[in-house]
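In what follows, a single structure is set out as structure tokens and then discussed.
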Amino acid sequence: MNRTLRAFLSAWGRRGPLWAPRMAGRIMRLRKAGMPRGLLVEPTTRCSGGCPGCVPPAPRDLTAEVLERWLSCAPVPPATFAFAGKHSDPLCAPDLPALAEAASRMSMLVSVSTIGLGLNARHLRMPVDRWIVSMPGATGRSYSAVRGGDSLPEVLDAVRRLAASRSFQVEVVLTLWRPSEGDVEAFRDMARAEGWRQAGAVQGLYDPSGFDVGRPGMLATGIPGALYRVERGTVSRRAPAGPCPASGYLFLDAGGALRPCLFGDSGPCWRDASRQSWLEAASFERTKAGRPLPECEWCP
Ligand code: SF4
């Protein structure tokens, strides 16, 4: 069963029998209006990871007022909301609880993706359907090699607290980087010992901007099915490109701009919240299938 379907079934179980027909109705209205089904929201540019070599962008925080301004003029509000960081982590956003409230009021499914540092009691009370907690290594040594310090115990504690609340679906993801490319077995053992029902490994992505951990020397090139090869510091994609991973989503960045794609800062964006901006951003959906941006070259 794929991750999206699992999330839908889990939300249906928790939100009651009427949730599924309401979700189907929302998706039909979105289709009719020519709108994508989801919105990816970057609540802040701040990060608690502190990975060596990462150059964080200037701090910016999305406010609930800006999110609500965008939602109030959407032709049809998105069915799903995913709070995630680009070079950042949602748990560092001062307004995250208010953002989650606004998203929950307007949508059918709210998820938060985080590196699991700084979880507090307010976060545990947010109306979230699904938490995705990612770790860059499953041993203290590999985790430290990516993050520069071993905060793995804090991440494990955050997953336990989320799971203990029984209010959310919790998924744990191992992101494979060079230092952790041999960690899959250790991660499986950890998942068994912790009783995680949803856990899996993904590969870290190359970031040509050089802002974050996804630089050439950190890519997991030594595993079967590696996405990239690196020769003399130059990265090329090993696997053929799949469909655009942002298909079906628009992206609202921490500066309040609506974008068709979360990668790169050079692509098209709309800064004024209006129905026309939504429609113009949504019309880019067909173009994305042709992978037109410079960043598409690196996208899996
Ligand atoms: S970089 Fe290109 S392929 Fe990747 S999500 Fe953006 S538009 Fe899609």
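The values are calculated or read from the model by the stated rules, or taken from the named source; none is laboratory data. From a predicted model like this one, the values you see are computed outputs, not experimental measurements. FYI the Cβ positions are ideal-geometry reconstructions off the backbone, even for glycines, and counts take in every protein chain you see.
For region 22-39, check the following and say yes or no: at least one residue is charged (D, E, K, R) and surrounded by 16 or more Cβ atoms within 10 Å (Cβ to Cβ). Show your work before the answer.
Going residue by residue through region 22-39, those that are charged (D, E, K, R) are 22, 26, 29, 31-32, 37.
In the following step, the residues that additionally are surrounded by 16 or more Cβ atoms within 10 Å (Cβ to Cβ) were identified as 26, 37.
Yes: region 22-39 contains one or more residues that are charged (D, E, K, R) and surrounded by 16 or more Cβ atoms within 10 Å (Cβ to Cβ).
Within the group Pro224, Pro208, which residue is part of a loop (DSSP other than H, G, I, E, B) and within 16 Å of the ligand (Cβ to nearest atom)? Within the list Pro224, Pro208, the selection yields Pro208. How many residues, within region 262-292, are more than 9 Å from the ligand (Cβ to nearest atom), assigned to a helix (DSSP H, G or I) and not small (Gly, Ala, Ser)? Selection size over region 262-292: 7.
Every residue, every condition in (1) within 15 Å of Val41 (Cβ to Cβ); (2) among the acidic types (Asp, Glu); (3) in a helix (DSSP H, G or I); (4) in contact with a strand residue (DSSP E or B) (Cβ under 6 Å, 6 or more places away or on another chain), yes or no:
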{"site": "Ala103", "(1), (2), (3), (4)": "yes, no, yes, yes"}
{"site": "Leu117", "(1), (2), (3), (4)": "no, no, no, no"}
{"site": "Val146", "(1), (2), (3), (4)": "no, no, yes, yes"}
{"site": "Val173", "(1), (2), (3), (4)": "no, no, no, yes"}
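From the list Glu171, Glu185, Glu154, Glu194, the one residue that fits, being of a type in the set (D, E, K, R) and either farther than 29 Å from Leu124 by Cβ or within 16 Å of the ligand (Cβ to nearest atom) (or both), is Glu185.
If you scan region 248-261, which residues turn out to be in a loop (DSSP other than H, G, I, E, B) and more than 7 Å from the ligand (Cβ to nearest atom)?
Pass one, region 248-261, residues in a loop (DSSP other than H, G, I, E, B): 248, 253-257, 260-261.
Once the filter is applied, which keeps residues that are in a loop (DSSP other than H, G, I, E, B) and more than 7 Å from the ligand (Cβ to nearest atom), region 248-261 yields Gly248, Asp253, Ala254, Gly255, Gly256, Ala257.
Against the numbered list (1) touching an Asp or Glu at 6+ places or on another chain (Cβ under 8 Å); (2) without any contact (Cβ under 8 Å) to a residue 40 or more places away in the chain, Pro94 comes up short only at (2).
Looking only at region 1-31, which residues are at pLDDT 90 or above, among the aliphatic types (A, V, I, L, M) and in a helix (DSSP H, G or I)? Scanning region 1-31 gives Ala20, Met23, Ala24, Ile27, Met28, Leu30. Cys296 satisfies every condition listed in (1) surrounded by 14 or more Cβ atoms within 10 Å (Cβ to Cβ); (2) more than 8 Å from the ligand (Cβ to nearest atom); (3) part of a helix (DSSP H, G or I); (4) not charged (D, E, K, R) except (2). A count restricted to region 191-205 and to residues that are in a loop (DSSP other than H, G, I, E, B) and either loosely packed, with under 13 Cβ neighbours inside 10 Å or of a type in the set (D, E, K, R) (or both) stands at 2.
Any residue at all in region 137-152 that is in contact with a helix residue (DSSP H, G or I) (Cβ under 9 Å, 6 or more places away or on another chain), touching a residue at least 60 places away in the same chain (Cβ under 8 Å) and surrounded by fewer than 18 Cβ atoms within 10 Å (Cβ to Cβ)?
First, the residues of region 137-152 that are in contact with a helix residue (DSSP H, G or I) (Cβ under 9 Å, 6 or more places away or on another chain): 137-146, 149-152.
Those still in the list that are touching a residue at least 60 places away in the same chain (Cβ under 8 Å) too: 146, 149.
Filter once more, keeping what is surrounded by fewer than 18 Cβ atoms within 10 Å (Cβ to Cβ): 149.
Yes.
All conditions in (1) more than 16 Å from the ligand (Cβ to nearest atom); (2) surrounded by fewer than 20 Cβ atoms within 10 Å (Cβ to Cβ); (3) of a type in the set (Val, Ile, Thr); (4) closer than 20 Å to Ser134 by Cβ hold for Val213, with the sole exception of (2).
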